[in-house]
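Laboratory data are not the source of any read-out in this text; all were calculated from the coordinates shown. Small disclaimer: the values here were computed from a predicted structure and weren't measured. So basically every Cβ, Gly included, is an ideal-geometry build from the backbone, and we count neighbours across all protein chains shown.
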Amino acid sequence: MDDYGVDENYVVKIVAGVIIGLLLLFLVVPLAANMIATQNVANAANGALAELNSMDSSLPSTTGNVLPTVNQTKPAQINGNTTVNNTNNNSKNNNPVPEEKTAPSTDGMTILSGTITTGSSLSSKTVCTIYVGAEYAGAEIKMSTLYSRDGTDLNAGRLVAKTVDSSGYVTLPSADSYKLYPDECLISIYDAKGNQLDYRIVYLETESGTQSF
């Protein structure tokens, strides 16, 4: 009986030792694993820091390579508030607005003299030229010539816009040719607004050529 009791205690001790060993194993192994993982993380961090330090040392120095600043010139100021752009002012001064020219006045214009020329062929037109004076050069007027033969009108005598030339003459050819030589011509001149300035009745020889009045 005593031997059996001794054997039972021995078995109990062995079992207890095994249990304690297992407990220690379960406790020590995770703790050791954590310590190893922590050490690995620390080593990795130290390696990365060392690599960064080596990269910083390999970068070229920026001393002396700073980009120069641009010196911007402000436009001139007038009275402390108004700015003036000299470039724009110069361009405006170089392109002045042209002055509008006005036509000379027609006040006092009259028919001083003139000529009427008739061609010899049936296709020839009759040309009337009047002289109003060089002082009216460039003046804008309206002119009509009404030709007739034996009291019968040969044309309609329409108004035509004309400009006095530099010598003071105005020339107006007939719109059509006439089958008969005219024996009379009514010449009328008006200003640009249609107000009559003067008229002249010219009696003609019924033949070709130039006749003065």
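Tallying residues that are of a type outside the set (Lys, Arg), outside any loop (DSSP other than H, G, I, E, B) and within 48 Å of the chain's Cα centre (by Cα) within segment 132-184 yields 17. Within segment 159-166, identify whether any single residue is crowded, with 16+ Cβ neighbours inside 10 Å and polar (S, T, N, Q), and answer yes or no. No, segment 159-166 contains no residue that is crowded, with 16+ Cβ neighbours inside 10 Å and polar (S, T, N, Q).
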